[in-house]
Structures are given as C-alpha cells and as structure tokens.
Amino acid sequence: MTAADGTLNLAFSALASEGGVDNAKVSAIEVYSVSSTTPTNPAPVANAGADKTITLPTNSVVLTGSGTDDGSIAGYSWSQVGTTPSTATLSGANTASLTASGLVAGTYTFALVVTDNLGKASAADQVVVTVNSTTTPTNPAPVANAGPDKTITLPTNSVVLTGSGTDDGSIKSYAWTQASGPSTATLSGVNTANLTASSLVSGSYVFSLTVTDNLDKASAADQVTVTVNPATTTPPPRARRYTG
C-alpha cells in the first residue's frame with residue numbers, strides 16, 4: 001500500500017488455481033481530503049469626521065461619523081476622551097451624528113467606535129474640536145483735527161478755531177483746552193467743534209482738541225497754534241513846513 005496526497009494505492013493478490021501465479025484484483029482507490037476553513041470577518045473601520053473649530057458664544061457642535069465594512073455597520077458608539085477642559089453634554093452617542101454641547105474655551109477630543117453586523121468592533125477614530133474664546137471687536141480710536149494754525153494782529157484779540165474728527169463710527173463729543181500761551185485765554189464753545197478764544201495778548205498760544213466717538217473712545221490730542229502779533233504802530237504825520 002502506498003499513499004500520496006489525493007490517492008491511496010492498494011494492491012491485492014490471490015493465488016491462481018494453477019501455477020501459483022499472483023493476479024491483481026484491485027488496482028487503486030482514490031481518497032480525497034476535505035479541509036474545513038471558517039471565513040474571517042475583518043473589523044470595520046470608523047471615521048469620526050474632520051476636526052472642527054467654533055468660537056464662543058457658540059458652545060455646541062455636531063459631529064458626523066461613519067463606518068465602512070465588508071458587511072454593514074450595525075452600531076455606533078461616541079465618547080469623550082478625557083474631561084478637559086470640561087465634561088461635554090453628549091446627545092446621539094449611539095448614532096452616526098453626535099451633538100456635543102455645554103462646551104467652554106479649550107480643546108476637546110471625541111472618539112467613535114463602530115460595530116458591524118457580525119458584532120465585530122472597529123478601532124476608535126478620534127476628532128478634535130477647538131473652542132475659541134469670545135472675540136471682542138476692536139474699536140479704533142477716532143482722529144482729532146484742530147484745524148490750521150492762525151495769525152491775528154492786535155487790536156484783534158479773539159479767534160475762532162474750527163475742529164473736526166473722523167471715526168469708523170461717529171463723533172459724539174469735542175473737548176478743547178489751552179495748552180500754552182502768554183496769558184489765559186477766555187474760551188467759549190469748548191465742547192463743540194468750534195472754539196472761540198478771546199482776550200488774547202501778543203504772543204503765541206497753543207490749543208488742543210480731543211474728540212470722543214460713539215463708543216466712548218477718545219482720540220489723541222491735536223494741537224493748533226494761534227500767533228498774536230502786536231498792534232502796528234503808525235508814526236504820526238510829519239509836520240509840514242510852510243515858507244512865505
């Protein structure tokens with residue numbers, strides 16, 4: 001008897017009735033091997049979606065996950081990784097779409113695991129949610145313009161200065177002051193765009209204007225110079241000499 005994979009050879013012999021000669025009666029029997037193999041079930045693959053960024057006061061986010069498998073996805077399981085910066089409130093943790101709310105400024109990580117129709121679970125896939133602090137819009141300061149410098153000559157001893165202001169909103173108020181000068185001028189209209197400075201004497205005066213916008217932000221001061229010249233002295237007429 002000889003055996004090989006797939007075939008078993010058996011030889012039989014019997015004595016003939018005459019002469020003692022062996023005569024084979026069975027030549028071969030084929031034997032087939034049958035292997036029993038259980039098919040493998042590959043694990044599904046979870047996809048927690050793209051990272052997201054929100055800015056307070058928005059404090060919730062919807063995460064849409066998915067899974068792929070050679071069969072079908074039978075279950076979803078979302079969880080928060082860690083408790084920093086706070087423990088989020090989770091809704092829809094056993095569905096494809098998770099709502100995470102009650103978020104504060106910081107970075108959160110959430111994990112998704114999916115299970116296929118044969119009960120096999122995937123590895124966890126993670127998604128990061130960044131929550132930025134509330135952004136306060138900046139309010140640029142307005143710009144004051146005290147107007148061009150002026151010159152007067154005594155006996156004129158008063159001057160009107162016309163100021164203005166520019167802003168991305170609007171100008172709410174004006175404030176004039178005297179910065180320097182040979183005397184203290186009498187000021188009128190210090191909280192308006194137009195300042196009247198009077199009782200001036202010979203010399204140089206500097207006045208400052210500050211404006212405030214509708215959000216109460218003040219400008220830097222802008223200055224204007226007023227030069228007061230002394231009165232021009234006219235010499236008396238010369239006496240005429242008459243000759244007879």
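The values are calculated or read from the model by the stated rules, or taken from the named source; none is laboratory data. It should be emphasised that the depicted structure is a prediction, and the values quoted were computed from it without experimental measurement. Neighbour counts are summed over all protein chains in view; Cβ atoms, including those assigned to glycine, are modelled from backbone coordinates with ideal geometry.
In table form, for the structure just shown:
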quantity: Residue within region 151-162 that is within 22 Å of Thr58 (Cα to Cα) and among the small types (Gly, Ala, Ser) present; calculated: no
quantity: Any hit, region 192-210, residues being touching a strand residue (DSSP E or B) at 6+ places or on another chain (Cβ under 9 Å), part of a loop (DSSP other than H, G, I, E, B) and free of Cβ contacts under 8 Å to residues at least 24 places away in the same chain; calculated: yes
quantity: Flag for Thr95 being in a loop (DSSP other than H, G, I, E, B) and either at pLDDT below 95 or more than 56 Å from the chain's Cα centre (by Cα) (or both); calculated: no
quantity: Residue match in region 220-243 (condition: of a type in the set (Phe, Trp, Tyr) and outside any loop (DSSP other than H, G, I, E, B)); calculated: no
quantity: Per-region count, region 42-85, residues among the aliphatic types (A, V, I, L, M), closer than 16 Å to Val128 by Cβ and surrounded by fewer than 14 Cβ atoms within 10 Å (Cβ to Cβ); calculated: 3
quantity: Qualifying residue in region 34-54 (condition: at pLDDT 95 or above and either on the phi > 0 side of the Ramachandran plot or in contact with a Cys (Cβ under 7 Å, 6 or more places away or on another chain) (or both)); calculated: yes
